[in-house]
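Here, each number is a calculation from the coordinates, and none is a lab measurement. These figures come from a predicted structure and were not determined experimentally. Heads up, the Cβs are rebuilt from the backbone with ideal geometry, glycines too, and the neighbour counts pull from every protein chain shown.
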Amino acid sequence: MAWTFKIFPSIGVARIGNNRSSSPQDFYLGPEIPGTVTVPANGYKDSSGQVRRQAARFRIYGWENGVFMGEITSSVANITWTVELANTKAAFNQFHGIGHTAGPLRNASVTDRSSLMITPGPRTITGPNGAAFFDTGLFMGISAPLGEIQTDASGRLLVLGGFGASSSPTNAPLVTFANNDGWHDDVSDGPVTATVALKGIKTPVQASGAWVICPPPRFAPPIFHIITLYDALLQTAVDRLGFKVPATPSFTNDIFPILQRAIRYQWVTTKIGNKHEPLLAVIPPPATADQRNFVFQALRDPAITPTVDTPHLMPAIWTDFFADVFGIRGHGGPNTGHWANHALTPTQYNVMKNWAAGNFINDWVGPPSPDTNITPDGLTRAALENCSGGPFFPGIETSFFTRDVYPYVGPFRLDGTQLKAGDLSKQQAVPWQTDFFDCVFQSPVSWWPAAHPDDVFTDTSNNYVTWDRGLNNFSDMVNFWSGLGFLVQSGDSVIETERTL
Amino acid sequence: MNRRNWLSSVGVSAAGSLAGLSAVTDSQANRRSWVVSLESFRVSHAEQMGRLHSYLGGAFLPYLAQVHRGPKMFLEAIVAPHTPQALVVTAFPSFDEMIEIRNKVAAHAGIQRARADLESGESQILVTAADSLQFRDGPDRRPGGILELRSYHAPAWRDRPPAAASAAFRRAGIYPILTASAAGEHLPRFTYLVPFENLAVRQDAWAKLDADSEWSGLEAKVTGASIYKLTPYSPLS
């Protein structure tokens with residue numbers, strides 16, 4: 001009787017916040033069911049305006065001789081969790097765009113490269129109600145805590161990330177969106193492993209490992225990216241692991257989410273406004289062939305070379321290959337009005353192509369209700385669909401390395417034996433706030449309005465206002481990011497709340 | 001609720017299965033068989049289990065005991081595809097009596113109020129010979145331990161487990177307190193409820209069974225397994 005155990009989500013997401021409390025009432029759990037939005041009962045911020053951290057909760061599921069048995073908790077097993085978080089951004093290569101990753105180094109003049117890496121090492125907890133802190137990491141000799149781990153009463157793992165504390169021990173200026181020497185932040189990532197010993201059975205079994213990323217806060221939880229990290233890594237699974245997706249898409253499960261995301265971008269950028277109203281005409285299905293084709297013909301084909309312009313095609317977000325189109329700010333030419341935009345994934349595009357051709361399952365009975373049960377695969381999907389799957393320039397939660405380069409042992413499950421803590425965040429901007437400041441609408445298209453809203457509505461205004469109003473430069477974002485508002489669903493609208501700037 | 005509606009509500013919907021079920025249960029009831037209902041109740045969070053136990057032990061069981069004198073067992077899942085979850089195992093002498101009693105329970109205003117915000121999970125209906133149901137009460141009550149609900153797909157077994165299967169179980173130290181076949185469209189499926197002292201004993205027992213060459217020749221495939229513990233208020237063990 002052989003048991004196998006796997007950790008879910010296979011990639012979890014814990015988001016940083018400047019509320020430093022470890023108490024459960026001061027943080028909240030990230031989404032665990034696909035399609036759901038987590039709204040903390042006591043707000044995204046505390047009474048002093050500090051942003052609560054979002055914890056990633058990991059669970060272990062067991063199979064016995066291939067038969068799914070269910071979640072394994074401390075009621076039936078002794079579980080030992082080990083997590084390592086690291087931030088190695090400052091020691092990695094400068095970011096100059098996908099395809100330009102060979103260097104030069106960030107902080108090239110620093111010979112002691114280890115002084116640039118915040119590597120507190122692994123932490124281990126056995127059993128329920130434990131805690132351990134990643135508080136021994138240093139950046140240029142200065143303490144740089146990255147967060148903590150806890151176990152709950154059932155022995156599940158909670159990972160809490162850093163505090164949004166970015167600084168420069170050398171008082172270096174912030175000069176670029178991605179590569180600021182002398183600076184660090186406290187986002188991080190790393191492996192999550194566990195051993196499981198069923199009670200009465202002494203030999204522990206190593207669970208199939210997971211990974212956790214601890215990126216910046218998600219300020220617009222009700223708005224999903226048009227290409228989520230789930231979509232991007234699904235494509236990775238299709239391309240590299242031979243993962244099969246259904247030949248005939250479901251309108252409810254496959255097509256409607258793409259349409260809905262596009263429609264809901266109206267809440268985060270005035271550039272969409274009412275321009276996506278034609279999408280309403282194709283819901284409910286089937287709509288006419290002409291209506292479906294009108295929508296499909298507006299999409300950029302992912303087979304088109306990424307640097308080629310496709311004016312006015314969708315989605316209206318920048319390409320991963322921005323550097324090859326324009327050069328990077330300070331290193332290349334000015335914006336010349338190109339429309340080199342990011343295409344849907346090939347899988348998403350094929351879904352829409354099939355739909356346009358009438359090859360889809362019309363299973364529409366209204367917008368789908370989220371599942372009521374937590375499932376292993378649902379945990380992973382819920383975590384990843386709340387992250388950006390592009391453009392990766394360099395990205396907000398993780399980089400193109402995660403999509404294009406890093407090895408996987410199965411769909412959405414990285415091969416942790418071939419990666420080091422910090423690898424999923426090392427190519428991201430340092431500090432994250434500079435890229436986050438820059439990634440607003442940049443004519444003629446946007447970056448990631450679901451991560452950094454361009455324009456929003458408030459509860460007192462029916463007109464768009466700039467979301468990051470009042471923040472005028474990189475330093476402002478470093479110092480005042482936690483004052484930005486969070487977006488929440490309010491009736492049929494999405495409005496900004498809890499702004500404290 | 002008539003029989004067809006009730007079956008539909010518990011997921012037995014095919015007309016052919018309905019007719020088959022009725023014939024099986026009625027004829028077996030005459031031969032002193034039991035119709036066994038497995039009904040799961042779920043909540044979203046472990047913290048809500050107290051409320052579920054309050055309902056099952058404080059409202060559901062007292063009323064059920066008034067209208068049904070047959071075997072009743074209340075279990076809480078410790079490893080199952082859906083948790084947190086409780087499972088109520090109830091045995092009836094006939095299919096019609098099961099419907100009658102369940103309709104009475106469902107119509108009781110106090111029960112309706114108490115379960116208003118509880119999620120009912122899956123229901124299964126099984127049929128078993130009278131001597132295959134060996135629940136205990138009083139001084140014979142099992143002390144602690146775990147119970148495993150385990151289902152097999154075994155087309156070669158036709159309508160009942162062969163004697164060789166029971167013999168292999170005994171050689172492995174596996175002594176089911178319920179051996180039943182599934183009623184309805186999922187036939188042939190066989191379900192066992194097996195007590196074990198602990199997980200280690202359980203693991204050893206199934207390993208012995210897997211190593212038994214005679215068992216291997218019976219071509220039974222596990223389709224599901226869940227592990228439970230008795231609730232303190234369960235009348236039988």
Inset, instruction - Give the span of segment A:261-326's Cα atoms along each principal axis, as three whole-Å numbers ordered largest to smallest. - result: 40, 27, 15
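Determine, for A:Ile149, B:Ile177, the number of other Cβ atoms within 10 Å of each Cβ, and report the residues in order from fewest to most.
Details: A:Ile149 27, B:Ile177 19.
Least crowded to most crowded, the residues run B:Ile177, A:Ile149.
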Inset, instruction - Work out from phi, with θ = phi - 60° and the Karplus expression 6.51 cos²θ - 1.76 cosθ + 1.60, the ³J(HN,Hα) of each residue of segment A:180-190, listed in order in whole Hz, and give x for Gly and Pro. - result: 10, 4, x, 10, 9, 10, 10, 6, 6, 7, x
Inset, instruction - Can you spot the aspartates and glutamates whose alpha carbon is less than 14 Å from A:Lys89's alpha carbon? Ignore those fewer than 8 places along the same chain. - result: A:Asp181, A:Asp185, A:Asp186, A:Asp189, A:Glu397, A:Asp423, A:Asp435
Legend entry - Extended-chain gain in nm, criterion 0.36 nm per residue less alpha-carbon gap, B:Arg160 and B:Tyr175: 3.7 nm
Inset, instruction - May I ask for the net charge around B:Gln124, where only other residues with Cβ less than 10 Å from the Cβ of B:Gln124 are counted and Lys, Arg are +1 while Asp, Glu are -1? - result: -1
Inset, instruction - Divide by every residue of chain A the summed helix terms, -39500 (n - 2.57) for each DSSP H run of at least 4, and state the resulting mean residue ellipticity at 222 nm, rounded to the nearest 500 deg cm²/dmol. - result: -4000 deg cm²/dmol
Legend entry - Residue order, fewest to most surrounding Cβ atoms within 10 angstrom, among A:Cys387, A:Cys214: A:Cys387, A:Cys214
Inset, instruction - Assuming R0 = 25 Å, can you tell me the calculated FRET efficiency for the pair B:Gln66 and B:Arg136, based on Cβ-Cβ distance, to the nearest 0.05? - result: 0.65
Legend entry - For the protein assembly as shown, with +1 on Lys and Arg beta carbons and -1 on Asp and Glu, the positive-most of A:Gln428, B:Asn198, A:Tyr28 along the dipole: B:Asn198
Legend entry - Per-residue ³J(HN,Hα) for segment B:142-147, Karplus 6.51 cos²θ - 1.76 cosθ + 1.60, θ = phi - 60°, Hz, x for Gly and Pro: 6, x, x, x, 10, 10
Legend entry - Dipole magnitude of chain A about its Cα centre (Cβ charges: Lys, Arg +1; Asp, Glu -1), debye to nearest 20: 640 debye
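Cut-off is 10 Å between beta-carbons; in what order do A:Asp309, B:Asp131 appear when sorted fewest neighbours first?
B:Asp131, A:Asp309
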Inset, instruction - Just list whichever of B:Lys72/B:Lys104; A:Lys45/A:Lys420; A:Lys202/B:Lys208 have alpha carbons separated by over 27 Å in the model shown. - result: A:Lys45/A:Lys420
Legend entry - Convex hull per residue volume in Å³, alpha carbons only, for chain A: 147 Å³
